[in-house]
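Notes to accompany the following structure.
The values are calculated or read from the model by the stated rules, or taken from the named source; none is laboratory data. In this text, all values refer to a predicted model and were calculated from it rather than measured experimentally. Every residue, glycine as well, gets a Cβ built from its backbone with ideal geometry; the counts of neighbours run over all protein chains shown. Note: areas computed on protein heavy atoms with side chains; ligands, DNA, RNA excluded. Shrake-Rupley method; radii C 1.70, N 1.55, O 1.52, S 1.80 Å.
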Amino acid sequence: MEASTSLWHSYLGVIVSRERQRMEHFQRAEDILLTLLESVHAREPRFLVDYARNLEALEFTLCASEDAVALEIPLRIDGDALRVLARQSRDSPARHPSELDTCYLEVCSAGTGLEDWAGVVDVHGGGVECLLPGKILQHLKELLVSAIVRCQRLFLLQPGDISAENLQEDAMELSLLIRGSWKTIRFDIVPVVRRQQEMLQLWRQQSSKGFPEGSLRKATEEAHFVPASPHCWRSSTHLPILKLLQGVDSLKGPRLDSLRLLDQLRDQDWGGQGGKGTLTFNHLKMVLLWSTELFPSPEDWQDLEGSVYRLLVILLRCLATQHLPHFLNPEQNLFQGAGPDLASLYHKVESFAWDPQRFLRFHFGLHGFSGSWRADSETRALLQLPTKGGSYWDTAYFDMLLSQFQVYRIQDSARLSAVSQLLSKIRREIPQQS
């Protein structure tokens, strides 16, 4: 047992040892980017400079892969003075699930100083003056290019510090490559309209179970809108999710360490060529948030191995059913459209769950997954139980899965009783498979 514990912590120790250097790279790149944005703000005060980038820094250091950093640039706009007009299905009959929350932002009165960013859009059969993301992005792009030239002329930037070659005409974000020490970091810059008037519209009745008091309310009290197309906006949960992640970090127990460890496995063993695959860091963030709600007791987060398995059982369930609900919008399936790849990924994650010691080592560029695993037919059957109206998505169900992996060490009599009752019910309703 001690040897196993040492292996888990040794693996984590290597991951954590890299974070200081990653933070230094981020901070240097951030300094360059802030210099650029200050120049943009001097030319156009409606583009604000947000110096509080601790959330993006936290995400960058936690993520094992070299993913782009999403950077929202707040606009000096009275978002509450804009009217949100939801798009109807007939406006775009074949919309992707990620576009279900797209909308128009109507400019309701004249003299708002938004005339150069607005235009008439056909909304539900009538012409409406709306704030146009395409115009704002074009304006921001021109200012960024101009700022790069100006900063280089004033020797505020060194040759090779920044590259704008990835700026694209039709993209809904503006990508800049910035050199942080010897590492280049990609920043995807998006303008954001913030509304204080109403809380983020959630698609379920949230409980704050497991989270610090008030953290869920604070994270979702402000609605953010980012470009979805040249004419439309979409609500963004990027920063609310990061705020919740920061709240989880304030709780006791190795919660973020579990995320670190699984993301390293994702990058090293569970991805495709070069660590790229269906499973992303964003998916694992959702799994951690669900595990925080479904396992609210501090007793669940006493040790690293047990904490990792809290995330694992939820991840395995989502892979088995090919359904990962968004934490703030549970009707949105983050795995939709990824079916063929999820089956292969499921076997890799299942293999780790049954024999973690085989994976807790670094391969230094070599792909570590061997393709073999020791599965348990009863556990697999429990993981693949059909979902019915949110059934098998509660603490008792996942406690039952933890007991299957023999990592359930909870002494709460009420939870033990709930697991026993659920298992008896399942065995009555679903015949045992031979």
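Suppose we flag GluC sites (Glu not before Pro) only when DSSP calls them loop and at most 16 other Cβ atoms lie within 10 Å. Which is the longest uninterrupted stretch of the chain? That would be 222-330. In order along segment 143-160, the Karplus-derived 3J(HN,Hα) couplings, from 6.51 cos²θ - 1.76 cosθ + 1.60 at θ = phi - 60°, round to 5, 5, 4, 5, 5, 4, 4, 5, 5, 5, 5, 8, 6, 7, 10, 8, x, x Hz, and Gly and Pro are given as x. A Förster radius of 22 Å, combined with the Cβ-Cβ distance separating Ser6 from Trp182, puts the computed FRET efficiency at roughly 0.10.
Using 1/(1 + (r/R0)^6) with R0 = 35 angstrom and r between the beta carbons of Ser229 and Asp412, what's the FRET efficiency to the nearest 0.05? E between Ser229 and Asp412, to the nearest 0.05, is 0.10. Available extension along the chain between Ala86 and Phe155 is 20.2 nm, counting 0.36 nm per residue and deducting the alpha carbon span. Shown here for segment 251-313: trypsin sites (Lys or Arg not before Pro) in loop regions (DSSP other than H, G, I, E, B) with at most 12 other Cβ atoms within 10 Å, namely Lys252, Lys276. For segment 1-83, the square roots a ≥ b ≥ c of the C-alpha gyration tensor eigenvalues yield an a/c of 1.5 or more together with a/b exceeding b/c, which makes the shape prolate. The alpha-carbon atoms of segment 253-433, seen along their principal axes, cover 46, 34, 34 angstrom, with the largest extent given first. Relative to the first principal axis of the alpha-carbon coordinates of the chain, what is the inclination of helix 339-354, with its axis defined by its Cα atoms, in degrees from 0 to 90 and to the nearest 10? The angle comes out at about 50 degrees. With K and R counted +1 and D and E -1, the other residues having a Cβ less than 12 Å from that of Cys63 yield a net charge of -2.
The C-alpha radius of gyration of segment 111-238, expressed as a fraction of 2.2 N^0.38 Å, stands at 1.36. For the chain, the Cβ-based charge dipole about the Cα centre amounts to some 700 debye (Lys, Arg positive; Asp, Glu negative; other atoms uncharged).
Between amide H atoms placed 1.01 Å from N, distances below 5 Å from Ile73 occur with Val190, Val192, all of them 5 or more places distant or on a separate chain.
Exposed loop sites here are chymotrypsin sites (Phe, Trp or Tyr not before Pro) assigned a DSSP state other than H, G, I, E or B and surrounded by at most 10 other beta carbons within 10 Å; excluding them, the longest clear run of the chain is 183-363. Annotation: per residue accessible area for segment 253-433 equals 42 Å², rounded to a whole number [probe 1.4 Å, protein chains only]. Once both axes come from the Cα atoms, what is the angle between helix 413-429 and the longest principal axis of the chain, in degrees from 0 to 90, rounded to 10? It works out to around 80 degrees. The alpha-carbon of Lys285 sits under 24 angstrom from the alpha-carbons of these lysines, leaving out residues fewer than 8 places away in its chain: Lys209, Lys218, Lys243, Lys252, Lys276, Lys348.
Farthest towards the positive end of the charge dipole of the chain, among the residues Val84, Gly134, Gly253, is the Cα of Gly253, using unit charges on the Cβ of Lys, Arg, Asp and Glu. Please give the FRET efficiency for Glu66 paired with Leu251, using the beta carbon to beta carbon distance and R0 = 22 Å, rounded to the nearest 0.05. With a Förster radius of 22 Å, E is 0.20. Once the chain from Gln196 to Glu142 is taken as fully extended at 0.36 nm per residue, the excess over their C-alpha distance is 16.5 nm.
Divide the volume of the convex hull around the Cα atoms of segment 206-326 by the residue count and you get 123 Å³ per residue. Of the three principal axes defined by the Cα atoms of the chain, the extents in descending order read 70, 51, 40 Å.
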